[in-house]
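One structure below.
Taken together, the values in this text are just the output of simple stated rules run on the coordinates, not laboratory data. Note that the structure is a prediction, hence the values are computed from the model and not measured. Methodologically, a virtual Cβ is constructed for each residue, glycine included, from the backbone with ideal geometry; neighbour enumeration extends over all protein chains shown.
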Amino acid sequence: MRTALTSVALGAALTLAAGAAKATWVQWTGPGATGNWYRLVEDGASRWTVARARAQTEFGGDLATITSADEQRFITSALFGGSQPDETLRGSWWLGGTDAASEGAWTWVTGEPWSFTNWGESQPDNNTNPPFGDANGEDYLQLVWRTDPTSTLLGGWNDVRETGYLASDPSFETLPNLWLRGFIVERTSDPRPRPEPVPAPPALPLFAAALLGLAAVRLRRA
Ligand SMILES: [Ca+2]
Ligand SMILES: [Ca+2]
Ligand SMILES: [Ca+2]
């Protein structure tokens, strides 16, 4: 773990999802970091395409891409509590990866190269067996929180059908690691609101004085 890795949790003014844990933006800084900003959005319902649209339109970014072991470590540490795992976040979270265009050819939504991976045990398996996969198998990426004991890094990945696995579905009652919790957003620009511009001095008094002066001139001429 990088000791220089720091994170900046921002104020509650930036949070949207009521009651969501860790619903604050965190910036990845330090050696080798991109400076990008990340946050969790917990809604327990959005299928992958909806989650992606929300990440773009409501949160100004996209579903997160994890392209290095350092980025994986940062996300699990800053958003999920790392080696002191936040058990309240247990479940599955959408990432910006898919192989929907060509089975087995995984891509990131940003077009970044697909090289680093952190697949969980026996994944990706493109499971076509109900109730897990659908007719398309499993073409969308999730980070499963928490530890996959077979992985050297926390937060192993799983390929999942586009709808995910809802906690309310009796088929998944006993599999809480699979329950759809929400999605992880990554954005390149600072999400903090810009400071309000300093208001210009009111122009009215000057304008009023000019009018009064003009009226006085006219009165004198009358
Ligand atoms: Ca990324
Ligand atoms: Ca697949
Ligand atoms: Ca799978």
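The order of the peptides 46-54, 131-139, 182-190, 99-107 by mean Cβ neighbours within 10 Å, most packed first, is 182-190, 46-54, 131-139, 99-107.
Quarter the surface of the alpha carbon convex hull of the range 12-194 and you get the mean projected area, 10.5 square nanometres. Projected label points at residue 194 and residue 29, each 7 Å from Cα along the beta carbon direction, are separated by 2.1 nanometres.
Calculated from the alpha-carbon coordinates, the range 60-125 shows an Rg and a Dmax of 12.9, 38 Å respectively.
What is the extension gain from residue 112 to residue 153, computed as 0.36 nm multiplied by their sequence separation minus the C-alpha to C-alpha distance, in nm to one decimal?
Working: separation 41, 0.36 × 41 = 14.76 nm, distance 2.10 nm.
My answer for the length gained is 12.7 nm.
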